[in-house]
C-alpha cells in the first residue's frame, strides 16, 4: 500500500427535501451568494424556487447566473468571476451536476485571483485561495460534489483541462435522491457510465498490495451493474436513485483510491474528444474505456482476469485471453443496455483528428497514464480501436 493523506472536508446532507434546508447551511458561511446552474428543469420542477426560498428565510441575498452546459465553458466562468467581484459575493452555490459544480469551483478560484483563472487549468499558476462552494446535486455521476477536482473547456482553444486542489472541495453538498426523477434518460446513462469510469481509473493500478481497496472498488462496480439497469427501468424508485447518487459520490471522493496509484489516462483521452466534439463526458467514457482496455490488457493480465471473474462473473478459464475478452465484451454490452454508444462511429465522431487529440492529451508531458504509460502514438492506436 502506498503512503496517503485522506481528508474529507465536505458535509453531506443526504435524503428527501434536503434542498429546503440549503439556507441553513449557506448562512454559516455567507450572506450573499452566487447561484450558478444550467437548465430550465430547475424552474420547471420548482427546484430553484425551493432553494431561493430557503435562502430568503435565512437572510441570504443571492445573484443568479445560469447558462451552464455539459463540458462547462470558460467564457461563462469569466462572467461569473466578473459578477462576484462587482457584487462582493463571497460564496458560490452550485445547483446541478458536475458541469455546474466544476464551473462554480472555477469561479471560486478566479474571483479572488488578479490573473486569468485559466492559468490554474493550464498549469501556469497554483491557487492560493478560493471562495467557498456549496452544492445542491441534481445529476449524479461526476462526483464533483465531494471532490477536489474541476474540469473546464476553453472553447477558443478546443481544450478541456482540469485542476485538483483541496481549496475547491465543497463545504457542503445536498443530495436528495428525488432529484434523479427529473434527469433525462440519456444523461442518467452517462452518469452511470461516469461512475464506472471513476472506479476503473482507480482499479487499474500499479500498486502491488491493494486488497482492501480492490474489494471496495469491485463491490462498488457490482453495485453499479446491479442497480443501474434497475434505475433505468424504474427511474422514480427512491431506493435505486439513492444507491446511484451515493455511489457517484463515494466513487470520486478519494476514499476508494487511498493507498493505491490511479491511472486517469482514459479521462485525459476523452477530454480531448468532448472538447472538440462536445459530447457528454460519460457517453465519451463508454467509448474510450473499452478501447483503452483492449490496448493495455497485456500490461497486467492478472488484473483484467480478476475484473472479469469477480465483477462480470466470467467463468474462470485456463485461456486468460478469452476471459479478458469476455470481460470487456460484458462491459460493452452493459453500456449498450443503457442506450450508450461504444464506438466513435456510432457516436458520429469524425476520425480525422486523432493526432491532434493525442497531442493535446499528452500536452507538455512525455506520456499520460500510470498503469501503462501512453505516448502520442499509443493514444492514436487506442482511438483507432474505438472506431
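Just so you know, all these numbers are worked out from the coordinates, no wet-lab data involved. These numbers were taken from a predicted model, which means no experiment stands behind them. For neighbour counting, all protein chains shown are included, and Cβ atoms are generated from backbone atoms with ideal geometry for every residue, glycine included.
For segment 11-178, the relative contact order works out to 27 percent when only alpha carbon pairs closer than 8 Å and six or more residues apart are counted.
Rounded to whole Å, give me the distance from the Cα center of segment 368-387 to that of segment 245-314. What the calculation gives is 13 Å, centre to centre.
Hey, in the GNM for the chain with a 10 angstrom Cα cutoff, which one of 164, 156, 49 fluctuates hardest? Most flexible of the set in this elastic network: 156.
Helix 320-337 versus the longest principal axis of the chain: what angle, 0 to 90°, nearest 10, using Cα atoms? Once rounded, one gets 40 degrees.
Ordering of 173-182, 369-378, 95-104 by packing is 95-104, 173-182, 369-378, highest average first (other Cβ atoms within 10 Å, averaged per residue). Separation of segment 170-193 and segment 95-116, taken as the distance between their Cα centroids, equals 20 angstrom. Just checking the listed ones, 331, 93, 196: in the Gaussian network model of the chain with Cα springs under 10 Å, the one fluctuating most is 331. For segment 1-57 versus segment 118-132, the inter-centroid distance based on Cα atoms is 23 Å.
Can you give the calculated 222 nm mean residue ellipticity of the chain, where each DSSP H run of n ≥ 4 adds -39,500 (n - 2.57) and the sum is split over every residue, rounded to the nearest 500 deg cm²/dmol? Here the helix-only value at 222 nm equals -14500 deg cm²/dmol.
Helix 281-296 against the longest principal axis of the chain: what's the angle in degrees, Cα atoms only, rounded to the nearest 10? Around 30 degrees separate the two axes.
Computed from the mean reciprocal separation of all distinct C-alpha pairs, what Kirkwood hydrodynamic radius does the chain have, in Å?
Details: mean 1/r = 0.0472 Å⁻¹.
21.2 Å is the Kirkwood radius here.
Relative to the first principal axis of the alpha-carbon coordinates of the chain, what is the inclination of helix 98-110, with its axis defined by its Cα atoms, in degrees from 0 to 90 and to the nearest 10? So the inclination is approximately 60 degrees. From the square roots a ≥ b ≥ c of the eigenvalues of the alpha-carbon gyration tensor of segment 268-387, which class results: rounded (a/c under 1.5), prolate (a/b over b/c), or oblate? Taking the square roots of the gyration eigenvalues as a ≥ b ≥ c, segment 268-387 is oblate.
From Cα pairs below 8 angstrom and at least 6 apart in sequence, can you work out the relative contact order of the chain, rounded to a whole percent?
Numbers: 728 pairs, mean separation 61.7, N = 387.
Contact order relative to length: 16 percent.
Dividing the mean sequence gap of close Cα pairs (under 8 Å, 6+ apart) by how many residues segment 148-218 holds gives a relative contact order of 19 percent.
Ranked from largest, the principal axis spans of the Cα set of segment 11-178 equal 41, 30, 26 Å.
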